[in-house]
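All of the numbers you see were taken from the coordinates with simple rules; none came from a lab. Since the model is a prediction, treat every value here as computed from it, not as a measurement. Heads up, the Cβs are rebuilt from the backbone with ideal geometry, glycines too, and the neighbour counts pull from every protein chain shown.
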Amino acid sequence: MRLSRRQFLKRAAATAFIGGSAALGYSVGFEPHWVEFPLVPMPIRNLPNDLEGKTLMQISDIHIGRRVSADYLIEAFQQAADVQPDFVAYTGDFVSFDDRSYEDVAKIMPHGPRGKLATVAALGNHDYGHRWEQVEVADTIANILEDQGIRVLLNEVETYSGLKIGGIEDFWSPRFNPIQVTSQIDKKDAAVVLCHNPDGVDAVGWGDYQGWILAGHTHGGQVKPPFLPAPILPVRNYRYSAGEIDLFDGRTLYVNRGLGHLFRLRFNVRPEVTLFQLTRQQT
């Protein structure tokens, strides 16, 4: 049967509406809670032999608050804990800050996975309260996490089983100071640095640090058209969208897509819990 032009347009409009509704339903109702667990090799210079093959889990951008389901976070945490990682590194934005944040962190983060050897964290911009400048908010969140056994590194470095882990305060915060961290890491040290905002890698203060930097912040843009870059990213350097990025100076950046969201909408950018496998870098 031949369709008239009017009939064709009606059917095309109906098909587009159905397709658009399905895509929206997927992007709002399914993908924001469809967590991916990629396995990424992490070669580290002078890694102690005892750490060969150990695992380091990165979790970022949890955004505890009214916009992210607590049940979803707890279920994702349970799935992550089942992996039984050796190290767990949280790379900031524990909250979307509001008047309930302290109480919510105290309730939800005990469910977060812990590493067999260490559990560490750096903070993100949302952990510094309004306009990212309330250091008292950051300190309170850090204290709550510390009480739960998560070592929050505020421009500090700790050593665990021969691996140095440094945590830099957020790039947009008043206390961003990478040199305070990198000055504590020697070229010969096996080390990993946590830096929530990937734009921080372009700031001065990294000295001669060569190694991995774990970041988050971007959420991968949350929406990414197929075969095209994400149209909206909260960074100056759009190269720092998601995944592993060679900085061509001995440093390797990894940008985690985040577990939570600011708005419940993801398309082609699944939430992520990254599992790194430590290996000794061949020189």
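Annotations for the structure displayed:
- Gap separating the Cα centres of the range 228-249 and the range 49-84, nearest whole Å: 23 Å
- Estimated inter-spin distance, R239 and Q84, nm [label 7 Å along Cα→Cβ]: 4.1 nm
- Taking the chain as a Gaussian network of alpha-carbon nodes connected by springs under 10 Å, the highest mean-square fluctuation of the residues G205, G250, G220 belongs to G250.
- Sorted ascending by nearby beta carbons within 10 Å, beginning with the fewest, T218, T91, T140 become T140, T218, T91.
- Loop-located chymotrypsin sites (Phe, Trp or Tyr not before Pro) in the range 33-77 whose Cβ has at most 16 other Cβ within 10 Å (DSSP): W34
- Candidates H261, H130, H219: whichever shows maximal mean-square fluctuation once the chain is modelled as a Gaussian network with Cα springs under 10 Å: H130
- Ranking of L253, L228, L117 by count of other Cβ atoms within 10 Å, fewest first: L228, L117, L253
- Size descriptor for the range 41-110, Kirkwood hydrodynamic radius: 13.9 Å (Cα pairs only, one decimal).
- Packing-based order for 156-166, 38-48, using average beta carbon neighbours within 10 Å, highest first: 156-166, 38-48
- A Förster radius of 30 Å combined with the Cβ-Cβ distance from Y26 to D50 puts the calculated FRET efficiency at roughly 0.10.
- A helix-only calculation puts the chain at -7000 deg cm²/dmol for mean residue ellipticity at 222 nm, using -39500 (n - 2.57) for each DSSP H run of at least four residues, averaged over all residues.
- Cα lying deepest toward the dipole's positive end in the chain, options L153, V235, G53, charges on Cβ: V235
- For the range 130-224: rounded, prolate or oblate by the Cα gyration tensor [a/c cutoff 1.5]: oblate
- Counting only Cβ charges, +1 for Lys and Arg and -1 for Asp and Glu, the dipole size of the chain around its Cα centre is about 1800 debye.
- Highest-fluctuation residue, I232, I141, I185 considered, GNM on the chain with Cα pairs under 10 Å: I232
- Annotation: amide H-H contacts under 5 Å for S60 (H modelled 1.01 Å from N, sequence separation of 5 or more, or interchain): T91, G258, L259.
- Label-reachable residues, the range 56-92, where backbone N falls under 20 Å from a point 7 Å from T140's Cα toward its Cβ: 62-68, 92
- The range 152-167 and the range 187-221 have Cα centres separated by 13 Å.
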